[in-house]
Amino acid sequence: MKRPIFIMCVLVAIAFAGPMLMKKPDGTPFITSPFEWFSTNLQGTKSHDSRSMTNQSFYKWQDEEGTWHYSDQPQAGEKNETVTVNTNTNLIQGLRIDKKKETTAVAKKMPEKAETPSIPLPMTVPLDKVSKMLDDANNIQQLMDNRSDQIEQATRGR
C-alpha cells in the first residue's frame, strides 16, 4: 500500500515541476517558479513587474482635412502631439468631443429616412383593421395551399 502512494506522490511532483524545468525553444521555462512570483529586486519592486513595465511614445497630428495621423517619427511642418503608452495595457485615452459638436455632426451625416410602409405589429393595429388583416392572412394561406397543390401535381407527372 505504501508503494502506490509513493509512486503517486512522485508523479504529482513531476507534473508540477516538469513545466518549470522544461525549456521553450528560446531557452525560457514554460512556467516560472512560484518562488519568483514573490521575489523582489534591489529597487524593492517585484521582479516580474519591473521587467514588464515598458512605455512607448508616438506622435499624432491632424491634417488640414481633419484626419488624424500616427507615427513613431514627428511630422515636419505639423503640430505634433506626443503620446506615451504603457505597452502592457490595452487602453488609450479616447478623444474628447463637445456634446454640441457631436450632435450637429451626427445630424448632418444621417440622411432623412423616407416613409416606408412596414408590417404593423398585431398590438399596434387599430381594432377596425384587425378583420382586414385576418382576411389578408387567410388569402395568403389560400395562395400558399394552391401553390403547394400545383407543385405536388407537377412532381407526380414525372
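Taken together, the values in this text are just the output of simple stated rules run on the coordinates, not laboratory data. Not measured: the values here are computed from a predicted model.
Please compute the length gained on full extension between Thr82 and Met22, using 0.36 nm multiplied by the number of residues separating them and subtracting their Cα-Cα distance.
17.3 nm
Provide the gained length on full extension for the span Asp63 to Ile14, in nm with one decimal, where the gain is 0.36 nm per separating residue minus the Cα-Cα distance.
11.6 nm
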